[in-house]
Amino acid sequence: AAKKGQHITTKFLLNYGADPDAASPTGKTPLMYAAAYGHQNTVRCLVERGANVNAVDKNGRSALFFAAETGMYQMVEILVKNGANMDLVDVNGVSATGAATAKGHRRTATLLNYLNRVSHL
């Protein structure tokens, strides 16, 4: 449901006890899928229900990493506002900013650089 942006279904499942941090065999959580596909309402729903914004998959990638890698500018803002750690790196040492840069998402990389500077003041 989260991967497809079905936030009403996601909310229903959470209301009936679904784990917001249930992971796939590769370690991806519903939040990671929703963030990667730009489903803002689903991300907000998951965060409100206690999803761990800093959970990582088996490759060390977080929801912020997936949002940055796919150029989801507004998703990056939502995740950072909800406590996403911008200093996390994957198993290859790549940060969310590095992932955005590598995929050519300059606006997202610029936003992450700015937010990172501001957060360290």
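If we sort 110-117, 92-99 on the protection proxy, mean other Cβ atoms within 10 Å, highest first, what's the order?
Answer by packing, highest mean first, reads 92-99, 110-117.
If Lys and Arg each add +1 and Asp and Glu each add -1, what is the summed charge of the other residues whose beta carbon sits under 14 Å from the beta carbon of residue 89?
After counting each charged neighbour, the total is -3.
For residue 11, give me every one of the aspartates and glutamates with a C-alpha distance below 13 angstrom, ignoring sequence neighbours fewer than eight places off in its own chain.
Of all the aspartates and glutamates, those that pass the test against residue 11 - Cα under 13 Å, at least 8 places apart if same chain - are 19, 48.
Go through 84-90, 37-43, 62-68, 23-29 and give me the packing order, highest mean Cβ count within 10 Å leading.
Order by mean packing, descending: 62-68, 37-43, 84-90, 23-29.
Where does the stretch 76-121 land on the Kirkwood hydrodynamic radius, alpha-carbon pairs, in angstrom?
10.8 Å
Please find the FRET efficiency linking residue 117 to residue 74, where r is the Cβ-Cβ separation and R0 is fixed at 22 Å, and quote it to the nearest 0.05.
Values: r = 20 Å, r/R0 = 0.89.
Once rounded, the FRET efficiency stands at 0.65.
Report the residues of the stretch 26-40 in range of a label on residue 91: point 7 Å along Cα→C-beta, backbone N strictly under 15 Å from it.
26-28
Hey, which aspartates and glutamates would be in cross-link range of residue 4, C-alpha to C-alpha under 16 Å, not counting anything within fewer than 8 residues on its own chain?
By straight Cα distance, residue 4 reaches no aspartates and glutamates at all.
Tell me the net charge near residue 105. Cut-off is 14 Å between Cβ atoms, residue 105 excluded, with +1 for each Lys or Arg and -1 for each Asp or Glu.
Details: positive: 103, 106, 107; negative: 69, 77.
With Lys, Arg at +1 and Asp, Glu at -1, the net is +1.
Any read-out appearing in this document is the output of simple, stated calculations on the displayed coordinates, not a laboratory observation. What you are looking at is a predicted structure, and each value in this text was computed from that prediction instead of being measured. As a convention, Cβ positions derive from the backbone with ideal geometry for all residues, glycine included, and neighbour counts pool all protein chains shown.
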